[in-house]
Amino acid sequence: MNQLATRQDAVPALQMDEQELIKVLQTSLYPSAALESIKMVLGYCKASNLDPMQKPVHIVPMWDSKAGGMRDVIMPGIGLYRTQAARSGECAGVSEPDFGPDITANIGGTEITYPAWCKVTVKRRLPTGEVVDFTAKELWRENYAVRGGKEKSVAPNAMWFKRPYGQIAKCAEAQALRKAFPEIGSEPTAEEMDGKILNDGLIVESEPIKVKMPLPKAKAPEAIDQQTGEITDVQEKDQTHKPSKSAPAGFISIGQQKWIENKVSALNLDLAQTLSSYSVESLDQISVEQFVEIKSELMSAA
């Protein structure tokens, strides 16, 4: 009997009939999961000699920008990293999470109080007997998960809204465990990847947070056509193509507002969520500079 088979014999769940085990997993740990996703979980557990009944890995639905839909990705959970560190016999403890100051902010129309950062230290006992600290400090704004899928919102999703401290603590601990035990792997955990998207098979951040910058001064030699959104030279246009005088200086005209509204409607997007991704609440708050960016993205989405 080879070594792999011997190791698998130590995990009772892996000795069950596969169809019976799949049924148990579908009705308990992974309810409503697709059959192929359950099989991927079992393959992962068999390769690493893990007990699938302890849920060492998670099935994470992620938005695949290339496929234009959601698909399941198998990822380790924080529990797996803890298990692997404990199995090494060299883990000398994990500190309680240390949180930074509380911040209360409105993010994408959602008011939330969260810690600025979280710090966790993992201790590893080296073969020499020396105990070394490995500390990871993670910023909440760089880790929180947005409302997923194709919704272009920067608001935190339900889990990060409900547990802003618990979620960032898991991220900090996962990073500290990877620093202390690099041999356990470098793959991010499910907690860290919640809300991210897949782009050509690569995991990337969700929609970036748009920071509202000071309004730029209007450029004298340029104007934007209210109907097409094109930037043109003022000297080449007659007076009918100048921005509407009813719009405040630095902001887009009524015609440009209407162009955005029509384009968003044609793309079946939610206007409020689209504006929220640019940190504005209404069309009349969009600056000339923002209009160029918004127009480019809406045209590319058509």
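Is there a residue being touching a strand residue (DSSP E or B) at 6+ places or on another chain (Cβ under 8 Å), within 30 Å of A136 (Cα to Cα), surrounded by 13 or more Cβ atoms within 10 Å (Cβ to Cβ) and not assigned by TED's automatic domain parsing to the domain that holds A169 anywhere in the stretch 20-42? Yes; the residues of the stretch 20-42 include at least one that is touching a strand residue (DSSP E or B) at 6+ places or on another chain (Cβ under 8 Å), within 30 Å of A136 (Cα to Cα), surrounded by 13 or more Cβ atoms within 10 Å (Cβ to Cβ) and not assigned by TED's automatic domain parsing to the domain that holds A169.
Kindly state which strands (runs of 3 or more DSSP E) lie completely within the stretch 44-162 and contain at least 2 residues that are surrounded by fewer than 19 Cβ atoms within 10 Å (Cβ to Cβ) and polar (S, T, N, Q).
102-107, 110-115
Restricting E138, E130 to residues that are out of contact with any strand residue (DSSP E or B) (no Cβ under 6 Å at 6 or more places or on another chain) and either in the same structural domain as P188 (by TED's automatic domain parsing) or closer than 28 Å to S153 by Cα (or both) narrows the list to E130. The number of residues in the stretch 79-104 being among the hydrophobic types (A, V, I, L, M, F, W, C) and at pLDDT below 95 comes to 3.
Residue check: is V122 β-branched (V, I, T) and touching a residue at least 60 places away in the same chain (Cβ under 8 Å)? If you could, list the steps in order and put the result at the bottom.
On the way: β-branched (V, I, T): yes; touching a residue at least 60 places away in the same chain (Cβ under 8 Å): no.
No.
Residue count for the stretch 249-298 satisfying the condition of being in a helix (DSSP H, G or I) and in contact (Cβ under 8 Å) with a residue 60 or more places away in the chain: 9.
The values are calculated or read from the model by the stated rules, or taken from the named source; none is laboratory data. Quick caveat: nothing in here was measured; it's all calculated off a predicted structure. Don't worry about glycine lacking a Cβ; one is built from the backbone with ideal geometry, like all the others, and counts go over all protein chains shown.
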